[in-house]
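Comments concern the structure below.
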Amino acid sequence: VLAVGDCCAKETEIAVNSIKDPRVRYFNSDKHNGLQDHGSTPKNIGIANSKGDFIAYLDDDDEYEPNHLEKSLQFFQDHPDVDLVYGCSRVYKFINPLRCNVRDRDFVKEEHDKSPFINTCEIVHRRSLLDKIEGWRTVGYYNDYDFLKRASVVCKIVHSKHIAATQHFPHAHLVHMERRRIERTG
């Protein structure tokens, strides 16, 4: 497990290191990359320092379901031709935090081009995919959309149908503002 901070305070490093497990390592960006980056730099820092054959991501406002990684790795074992798998998410929005939607759609490239719907926390991919595409690029809020769009050109993306994570959207107003900005600028 690599925990990567976006220029986090010392307390974050202390909290991660308190786990006292050599398999958990902490890295911190030396500058805050901001909303425009939306986690691309920390993800790339994690990738550069990782060693495993499979890579999964978890942002600070999401949480994995207990068996997500196990089910994803089993999926790869059962489907050796797949380079990227994603699951479903339970989505809670701050507007009604007691109501949950389950995001569950198969990957269809043409639909994804029109409306991104796969969140970073749902994705697990083979390290070898990174030999075929760049890592994460800074493209604003939709860096997961960009990553998957580029991946879909060079690999097979499959929906495993298992519940991978729970997402919390306390920042839904930022999503709305970003969508309006994209609509204005194209």
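Below are the figures for this structure:
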| item | result |
| --- | --- |
| Percent carbon-and-sulfur accessible area, segment 1-91, ignoring ligands, DNA and RNA, probe 1.4 Å | 54 percent |
| Segment 21-66: trypsin sites (Lys or Arg not before Pro) in DSSP loop, at most 10 other beta carbons within 10 Å | Arg23, Lys31, Lys51 |
| Under the Karplus curve 6.51 cos²θ - 1.76 cosθ + 1.60, θ = phi - 60°, whole-Hz ³J(HN,Hα) for segment 39-44, x wherever Gly or Pro sits | x, 4, 5, x, 4, 5 |
| Whole-percent pair-distance distribution, where bins are 5 Å wide, for the alpha carbons of segment 1-65 | 4, 16, 27, 27, 20, 6, 1 |
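The values are calculated or read from the model by the stated rules, or taken from the named source; none is laboratory data. Because the structure is predicted, anything quoted here is derived from the model rather than measured. Reconstructed Cβ throughout: ideal geometry from the backbone, glycine too, with neighbour counts over all protein chains shown. Heavy atoms of the whole protein, side chains included, go into the accessibility calculation; ligands, DNA and RNA do not. Shrake-Rupley method; radii C 1.70, N 1.55, O 1.52, S 1.80 Å.
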